[in-house]
Amino acid sequence: MKVHLVSLGCPKNQVDAELMLGALVRAGARAVDHPGTADCLVVNTCAFIERAKTESIDAILELAEWKAKQPGRRLVVTGCLSQRYGAELLGELPEIDAILGTGELDRVVDVVRGLDRRREWVTGAPPGYVYNADAPRVRLGRVPYAYVKIAEGCDMGCTFCAIPLMRGRHRSRPVADVVTEVEGLARAGVAEAVLVSQDTLAYGKDLPAPGRPDFGDLLLALGETAVPWLRYHYLHPAHLHDRLIAKLARARALPYLDMPIQHADDGVLRAMRRGVTRRRMAEIVAALRDAMPEATLRTTVLVGFPGETEAAFDTLLDFLEETRFDRVGVFTYSAEEGTPAAGMPDAVPTDVAAERARLVEETQDRLVWPRQQALLGAVQDVLVDGPSQDPAFPWEGRTAAQAPEIDGVVYLRDPDRALRPGRRLPVRIVEVNGYDLVGEPATRS
């Protein structure tokens, strides 16, 4: 059987897609790049916010058109949208042959094999699946980095977030199992392992005691592997404390800290149920910079949350001015069915939320521009990702301060140099175009 798989959403979803594809290939299927050559079409959906749901529905309908072009071709829908709305999808989209929730990914082979009997599989049970290092995996894309899920699910209960409804309670993988996976990726030529989960700093809290590890212990253990670059995402500020910060500073990982604050007004933070205050977050930022002065600090904020007044939004802008993060991502609030925030009063009009998001971006661009300009002439270590998506340059890569897919790239000149994905080399920065850089291979003085 030939299988074409489309994966949407976050890196965590991408890992799921690669695991499903790995299971199918091990069972004898062949992955194909074009839906027109496939016997089975799989869409791994996202449902984090309304825009993601729309994108998922559009992808399902697009593949349904391909299904209609060949009798016997089948369509399977997996991921977060199917976990939350599986029964509705089967009822409203007769083109779908099977549904697979996030807790049943290890049964994808059974589902695909059962399609000749139109086997419909709907899951509404709380997800409990966590993969291990032995699970087969086919990586998507020809890039030198790979995402590694260290845990699944979340217990924080932020009022705006539907992730617990789609991913279940927090479940950590054992330290040894994560280490085994990263070691295997290094042997396969992966140059950068990116650790992800819904709540990274909750890692280990559900593992057996005594000797229960925390995320810092995991990071120190992974520092003994052969993978050249180690990066991690999604540090909840409510979990950070001095002992953990000390472990992060000692670990052999890239000096890159991704800590989504979501907001900085105490009233909004309480309504979001974030478990932290503006003052505490300022203390954490100061402690992180003191322990890791060279670190790149990234955050994400959410504007337009119910009850966010002009004064509350101004407090957020003031906090960004004071803390001066190196990277800031911004989302506008989306009311998600089943979450506490969806029923809160004092909704912020869509146009107001959009304008606030624009002001966050404008503020951050102004704050970061001098630091970006200061990179001119500097020599940076760059990991080559592959041929450039910009035809003006032969190759592109990233510095340690640029996470895959979200932070911009370094466009590389000098087409005669024998580069390859995964190679690291010193590069002199010769142009700065916003968050993207242009560089030339250099020799360190």
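The values are calculated or read from the model by the stated rules, or taken from the named source; none is laboratory data. Only a predicted model underlies this, so the values are computations on that prediction, with no experimental measurement involved. Every residue, glycine as well, gets a Cβ built from its backbone with ideal geometry; the counts of neighbours run over all protein chains shown. The protein model used for the area step is the full one, side chains on, heavy atoms only, and it has no ligands, DNA or RNA in it. Shrake-Rupley method; radii C 1.70, N 1.55, O 1.52, S 1.80 Å.
Quick notes on this structure:
- Within the range 262-407: Cβ-based charge dipole about Cα centre, in debye rounded to nearest 20 (Lys, Arg +1; Asp, Glu -1): 440 debye
- Three-way shape call for the range 383-445 based on the alpha-carbon gyration tensor, with the a/c threshold at 1.5: rounded
- Across 12/53; 149/205; 149/247; 12/69; 2/69, pairs whose alpha-carbon gap is larger than 27 Å: 12/69
- Ranking of 344, 259 by solvent-accessible surface, largest first: 344, 259 (1.4 Å probe, protein heavy atoms only, all chains present).
- Set against the labelled values [x] 1.13; [y] 0.93; [z] 1.00, Cα Rg over 2.2 N^0.38 Å computed from this structure falls on [z].
- Rolling a 1.4 Å probe over the protein heavy atoms gives the range 1-131 an accessible area of 43 Å² per residue.
- Here the accessible area is traced with a 1.4 Å probe on the protein chains. For the chain, carbon and sulfur cover 50 percent of it.
- Residue-averaged [θ]222 nm for the chain, counting only DSSP H segments that reach four residues, each worth -39500 (n - 2.57): -10500 deg cm²/dmol
- Annotation for the range 217-233 versus the range 146-181: alpha-carbon center distance of 18 Å.
- Take the range 158-278 with all the other protein chains still there, run a 1.4 Å probe, and you get 36 Å² of accessible area per residue.
- Cysteines in the chain that lack a partner Cβ within the 4.7 Å cut-off: 10, 40, 46, 80, 154.
- Lys/Arg +1, Asp/Glu -1 at C-beta; the chain dipole; positive extreme among 292, 54, 109: 109
- For a paramagnetic label modelled on residue 188 (point 7 Å from Cα along Cα→Cβ), amide N atoms under 13 Å away belong, within the range 135-172, to 135-149.
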